[in-house]
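Take a look at the structure set out below.
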Amino acid sequence: MQWSFDIRSGLLVGALLTVLIGLLLAVVARAMSPAFRPAMNWWVAATLLQPTGLVLLSQRDQLPAWVTIVLANAFVAGAFAAYAVALRRFHRLRVPVLGLGAALALALAASVWFGLVVDDLTWRLITISAVLAGMLGYSAWTIYRGPESRGLVRHVAGGAFVAATAIMAYRAMALLWDPGLITGIFQLNHVQLLSYGVGSVLPVVATVGFLLLCTDRSQRELARAARVDYLTDVYNRRAIEELGTRAIAGARRHGVSLAVQVVDIDHFKRINDELGHAAGDLALVQAVARIRECLRAEDVMGRLGGEEFIVLMPDTDGASAVAAAERIRQAFSDRPLDLQGERRKVTLSIGVAVLAPADRLFSQLLLRGDRAMYAAKHAGRDLVMADAMSGWDTTAAD
């Protein structure tokens, strides 16, 4: 059974599908987080540039060569560069402007030289195929080597770009091996079908994959927002209580100690009253940053509410916890905070508690740390106090 396929018609159908995908993405982008807009704008641009190039390419012998060769290849190469920019922006990575610009310039130069000056179809296809393979491969590399290169959803877009890279590279190598393989731009053979299939199928599959990447990140950001305090970027109360419960189970399972520090900023209301709530928010952010400077990598910090914070210190006894709390206290006593141009000394009251046999729930350990913190408040503030059940009945004062 013989079959035939009109490549011109295939190009036009592929162009139509790509335009529809681009318009759909433009609509969907309005409902996505503004953080995705820069990447999506570049992706939409790619889905409009590529069909423009395909339509111009399909008009070979109907329009001048500089339109159907030079402009057509420029639009297609520009689309592949736009995909790369979109993926770099999505992953919050630097865009290699010079590298992509050089690739575009090489594709344009090959189109002009081998299309208008020398008119060598074989070398035009070899050069442009190699350039497109490089840009497609760079997009695939960005997906798989980006900071969020985990999870199965990346394989949809990543697989599409890998397949497209392989096809473009295959066309270049096939023509190097057999220069007479393609004698006409609309010649029907397996290399041509694969190559034009890239132009028709890649935008559809890759766009679906790109939307899956955006959805996956949105879900992870929502999950993170449910666990992280929006202002200070530490765990919120619900998350820190869950982590505290796990920490108690782990400490008991491995037979190690567990300490908590309850940290409260002294006279925080004065900052809000005298300098305004913006300065108060800044004080909280700077206070968290300074506390983190004094913590170990394994220590976990959370915000209980207002100006009160907690630090979970795994495998830490009372003496070490008090010494660490004293270092945090001194970090504030010795160095004022810069609050919107005004330097203000801020002090802390810190309560320390260590896991005791009587503690069945994390809330019991937290309550003892909280009581120790209030004891430091009542004793004059700018103090570190340990709960008596912690086995380290020491008070540190300024």
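The values are calculated or read from the model by the stated rules, or taken from the named source; none is laboratory data. This one's a predicted model, so the numbers in the text were calculated from it and none came from an experiment. Reconstructed Cβ throughout: ideal geometry from the backbone, glycine too, with neighbour counts over all protein chains shown.
Quick notes
- Of the residues making up the range 19-34, not one is without any contact (Cβ under 8 Å) to a residue 40 or more places away in the chain, more than 18 Å from Ala82 (Cα to Cα) and surrounded by 13 or more Cβ atoms within 10 Å (Cβ to Cβ).
- Single match in Thr52, Thr68, Thr47 (criterion: farther than 30 Å from Arg220 by Cβ, surrounded by 21 or more Cβ atoms within 10 Å (Cβ to Cβ) and not hydrophobic (A, V, I, L, M, F, W, C)): Thr68
- Leading residue by the ranking (nearest to Ala321 (Cα to Cα)) among those in the range 341-363 that are free of Cβ contacts under 8 Å to residues at least 40 places away in the same chain and either out of contact with any strand residue (DSSP E or B) (no Cβ under 9 Å at 6 or more places or on another chain) or surrounded by 17 or more Cβ atoms within 10 Å (Cβ to Cβ) (or both): Ala356
- The criterion of being hydroxyl-bearing (Ser, Thr, Tyr), crowded, with 19+ Cβ neighbours inside 10 Å and either modelled with pLDDT under 95 or assigned by TED's automatic domain parsing to the domain that holds Trp42 (or both) does not hold for Ser149.
- Index of the failed condition, Val198 passing every other in (1) buried (at least 16 other Cβ atoms within 10 Å of the Cβ); (2) out of contact with any Phe, Trp or Tyr (no Cβ under 9 Å at 6 or more places or on another chain); (3) over 18 Å from Asn73 (Cα atoms): (3)
- Screening Leu231 on (1) at pLDDT below 90; (2) not assigned by TED's automatic domain parsing to the domain that holds Val322 shows it passes everything except condition (1).
- Options Ala206, Ala169, Ala160, Ala174; residue that is modelled with pLDDT of 90 or more and closer than 22 Å to Leu16 by Cα: Ala160
- Residue among Ser139, Ser129 that alone is at pLDDT 90 or above and within 24 Å of the chain's Cα centre (by Cα): Ser139
- With respect to the stated conditions, Val204 is within 30 Å of Val55 (Cα to Cα) and either more than 33 Å from the chain's Cα centre (by Cα) or assigned to a helix (DSSP H, G or I) (or both).
- Residue within the range 302-310 that is part of a strand (DSSP E or B), in contact (Cβ under 8 Å) with a residue 24 or more places away in the chain, of a type in the set (D, E, K, R) and crowded, with 19+ Cβ neighbours inside 10 Å present: yes
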